[in-house]
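Below you'll find the structure, written out as structure tokens, and then a few comments.
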Amino acid sequence: MKDKVSSKIVESWLKGWCLSREVSFPLPYKSGFYVNVGDEKQKERFVFPELNDDFFQHAHSIDDPWIYLKVSASPDEFIHRIPERWKLQPQGYMMTCFHPMNFAEMNLAEGYHLEFSEYNTTFVVRIVAENGEQASIGRVSLIDDVAVYDRIITETNHQRKGLARFLLKELEKIALYKGFSNNLLVATEEGKLLYETLGWKLYCLHTSVVIPSEG
């Protein structure tokens, strides 16, 4: 039997996500959480740490587009039990790293420099090319007792230069300096492979469905 997903870990990750995205903190909703995101393509999100009647009742009651349902479960467990109007999104992976990441000695690739900024206990690191073009960016939000990493992106024409690793190392330096060594994130399929090489472990699946608009 698989271990039960901790509602506290999911909530802490979601709080960090809200800080990073500059939206209001999650509110309790039945056995899960609600966030008013306010984006055109993501109006609201409901996040459920476990697959249960709350999730299924909600899936059957919603008709409006661009409201996301997210659950810590495999899509195989529920996709055929909810209305067909819901469309599965690319798989997400909630990951943890409760120790310093495994970095080899590395230097920033030649021709790049770092820029730093912060807001809402969220720290932003940018890697910028000599021509001023943003090559890579990422954020870490510090909340409760965790560091939540979010929106780690390297532009296509700057990949394969170790920029993402260097960026993560700089973000972790900030988190450790502030006293945060428990790390959380939700990775894409591609990102998951990178994080695993740095010592991150899969905590649970983070599966999303949404009703797209007709137009």
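The values are calculated or read from the model by the stated rules, or taken from the named source; none is laboratory data. Bear in mind the structure is a predicted one, so any value in this text is a computation, not a measurement. Backbone-built Cβ (ideal geometry, glycine too); neighbour counts: all protein chains shown.
Worth pointing out:
Results for (1) over 16 Å from the mean Cα position of the chain (by Cα); (2) closer than 19 Å to residue 198 by Cβ; (3) touching a residue at least 12 places away in the same chain (Cβ under 8 Å), shown as yes or no for each residue.
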position: 143; (1), (2), (3): no, no, yes
position: 146; (1), (2), (3): no, yes, yes
position: 149; (1), (2), (3): no, yes, yes
position: 169; (1), (2), (3): yes, yes, yes
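- Residue in the stretch 44-65 that is at positive phi and touching a strand residue (DSSP E or B) at 6+ places or on another chain (Cβ under 8 Å) present: no
- Residue pairs whose Cβ atoms lie under 6 Å apart, sitting 6 or more positions apart in sequence or on different chains, and linking a residue in the stretch 89-103 that is among the hydrophobic types (A, V, I, L, M, F, W, C) and at pLDDT 95 or above to a partner that is surrounded by 20 or more Cβ atoms within 10 Å (Cβ to Cβ) and part of a loop (DSSP other than H, G, I, E, B), are 95/200; 97/200.
- Taking the numbered list (1) in contact with a strand residue (DSSP E or B) (Cβ under 7 Å, 6 or more places away or on another chain); (2) over 26 Å from residue 159 (Cβ atoms); (3) not small (Gly, Ala, Ser) in turn, residue 143 passes all entries but (1).
- Sole residue being surrounded by fewer than 19 Cβ atoms within 10 Å (Cβ to Cβ), more than 26 Å from residue 22 (Cβ to Cβ), in contact (Cβ under 8 Å) with a residue 12 or more places away in the chain and acidic (Asp, Glu), chosen from 130, 110: 130
- Screening residue 64 on (1) surrounded by 14 or more Cβ atoms within 10 Å (Cβ to Cβ); (2) more than 19 Å from the chain's Cα centre (by Cα); (3) outside the structural domain of residue 158 (by TED's automatic domain parsing) shows it passes everything except condition (1).
- Here residue 179 clears all of (1) touching a Gly at 6+ places or on another chain (Cβ under 6 Å); (2) on the phi > 0 side of the Ramachandran plot; (3) not hydroxyl-bearing (Ser, Thr, Tyr) except the condition numbered (1).
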